[in-house]
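*Asks:* Provided herewith is a single structure, encoded as structure tokens, for subsequent inquiry.
No lab work stands behind these numbers, since they all come straight from the coordinates. Bear in mind that the values here come from a model prediction, so they are computed numbers and not experimental data. Here the Cβ positions follow ideal geometry from the backbone for every residue, glycine too, while neighbour counts run over all protein chains shown.
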Protein chains: 2
Amino acid sequence: MKTCVLYSGGKDSSLMAVILQNLGYQVELVTVNFGKYPSWKPAAESAENLGFQHRILETSEKILQDAVEMILEDGYPNNGLNHLHHQVLLHAASNYHIIADGIRRDDRVPKLNINQIRSLEDSKNVEYMNLAGFGHKTIDDLSRKIFKIKKELTTIDNNSDYEIEIRYLIDELGGDGTSSHIFPEHIQSRVIGWRENE
Amino acid sequence: MKTCVLYSGGKDSSLMAVILQNLGYQVELVTVNFGKYPSWKPAAESAENLGFQHRILETSEKILQDAVEMILEDGYPNNGLNHLHHQVLLHAASNYHIIADGIRRDDRVPKLNINQIRSLEDSKNVEYMNLAGFGHKTIDDLSRKIFKIKKELTTIDNNSDYEIEIRYLIDELGGDGTSSHIFPEHIQSRVIGWRENE
């Protein structure tokens, strides 16, 4: 059955896609976009390099605005990111019967708790899967074995995480650079192909 | 690398084995035995039918005795089962660098909490994986697609769960039938081969 894997081009969501494809699911990699900035492009490129179907799921800008409001009020991104991801899953659940993401055991944000997961599954009549059974080290080791990975400083043009459009909107509201107080610079790992293609 | 999947012949641990084999792990299905009763036999048969390597891991009877003591004191199996499974994982971690089981998202018992998992991984320098990212319905659907499954009433001779040796010891201590107050009759699903072999 057609299965939505929420996709950023990172190793976690790429690994989830591989696990589900191996199990016989017809995987579609789905990158959400809120209409502020075309941040889906790096994810689309990773998906193409891996040979997976990729789709952009246009999602209401209101969800992004609400998340940004929470983040600015809190001064840190956790609650806003959780809200955003929850809303995205609900939206994806209106389009697919089986939805998955790359959230892993040690992730703290964004993460649904067990009650939110059950409510999502029951209210939308969907199945939800993630990588909660896999720890950080396991996923790093596996990804290195399976994927060709590029490590680099995150910029607006090489990342498809929620962070990009959130930062874009925050900077639009507060002026350039405002978002860098909330999201510090960091090195990211992006999947750019299969390891055996090297 | 050689990977231990704690194995009962049920669909959860069978599915975990398939996921890890698909990812390139060299899977060994491992059934624990405490020396009270050869309850590993049904699991060995399931493993053989699936074509996986299978091994019996002899484990101290003391662990079984401690668990039974907890169960008799509590009047219900939860704490004893958790204790038993935790000790089994610690024992397996002395024999393998990567260990896994079929514990899934909705399982309550046996289940390690996140602190126990991190302590297991750090103190034993191992990686631990389970099916915490997958819900009940997903695993049922997947198992039906992948495996040939036999549903039947659990007996002492068709099941390799911890329950069998626990019951054996309880009945030895308290007389035949004592354990049936604590473990009610139930229908089990046992993996007896691949679905495509039908």
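*Asks:* Inside segment B:151-163, can you point out the residues that are closer than 23 Å to B:R55 by Cβ and either at the interface with chain A (Cβ under 10 Å from one of its Cβ atoms) or of a type outside the set (V, I, T) (or both)?
*Replies:* B:D157, B:N158, B:N159, B:S160, B:D161, B:Y162, B:E163 - these are the residues of segment B:151-163 that are closer than 23 Å to B:R55 by Cβ and either at the interface with chain A (Cβ under 10 Å from one of its Cβ atoms) or of a type outside the set (V, I, T) (or both).
*Asks:* Going by the structure shown, is A:Q87 touching a residue at least 24 places away in the same chain (Cβ under 8 Å), under 16 Å from the mean Cα position of the chain (by Cα) and surrounded by fewer than 21 Cβ atoms within 10 Å (Cβ to Cβ)? Spell out the reasoning first.
*Replies:* Details: touching a residue at least 24 places away in the same chain (Cβ under 8 Å): yes; under 16 Å from the mean Cα position of the chain (by Cα): yes; surrounded by fewer than 21 Cβ atoms within 10 Å (Cβ to Cβ): yes.
Answer is yes for this residue.
*Asks:* In addition: Looking only at helices (runs of 4 or more DSSP H) that lie completely in segment A:3-83, which have at least 2 residues being under 15 Å from A:R190 (Cβ atoms) and either free of Cβ contacts under 8 Å to residues at least 60 places away in the same chain or of a type in the set (V, I, T) (or both)?
*Replies:* Where helices (runs of 4 or more DSSP H) fall fully within segment A:3-83 and carry at least 2 residues being under 15 Å from A:R190 (Cβ atoms) and either free of Cβ contacts under 8 Å to residues at least 60 places away in the same chain or of a type in the set (V, I, T) (or both), they are A:41-50.
*Asks:* Which residue, of B:E48, B:E127, is among the charged types (D, E, K, R) and either touching a Phe, Trp or Tyr at 6+ places or on another chain (Cβ under 7 Å) or more than 12 Å from chain A (Cβ to nearest Cβ) (or both)?
*Replies:* B:E48
*Asks:* Turning to a different aspect of this structure: Identify all residues within segment A:11-42 that are closer than 17 Å to A:K148 by Cβ, away from chain B (no Cβ under 14 Å) and in contact with a helix residue (DSSP H, G or I) (Cβ under 8 Å, 6 or more places away or on another chain); write none if there are none.
*Replies:* A:L29
*Asks:* For residues that are closer than 22 Å to B:I99 by Cα and more than 15 Å from the chain's Cα centre (by Cα), tally how many sit in segment B:36-48.
*Replies:* 1
*Asks:* Return only the number of the condition from (1) under 28 Å from B:G174 (Cβ atoms); (2) touching a Ser or Thr at 6+ places or on another chain (Cβ under 7 Å) that B:I98 does not satisfy.
*Replies:* Exception for B:I98: condition (1).
*Asks:* Shifting gears a bit: Could you identify the single residue in B:L153, B:L72 that is farther than 23 Å from B:A17 by Cβ, surrounded by fewer than 19 Cβ atoms within 10 Å (Cβ to Cβ) and in contact with a Gly (Cβ under 9 Å, 6 or more places away or on another chain)?
*Replies:* The conditions single out B:L72.
*Asks:* Same structure, new question: Do you know which of the residues in segment A:89-103 that are closer than 12 Å to A:Y128 by Cβ and not in a strand (DSSP E or B) is nearest to the other protein chains (Cβ to nearest Cβ)?
*Replies:* A:H97
Here's the yes/no breakdown for (1) buried (at least 18 other Cβ atoms within 10 Å of the Cβ); (2) in contact with a strand residue (DSSP E or B) (Cβ under 6 Å, 6 or more places away or on another chain); (3) more than 8 Å from chain B (Cβ to nearest Cβ):
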| residue | (1), (2), (3) |
| --- | --- |
| A:R105 | yes, no, no |
| A:R108 | no, no, yes |
| A:I114 | no, no, no |
| A:L131 | yes, yes, no |
| A:F134 | yes, yes, no |
| A:L142 | yes, no, no |
| A:K145 | no, no, no |
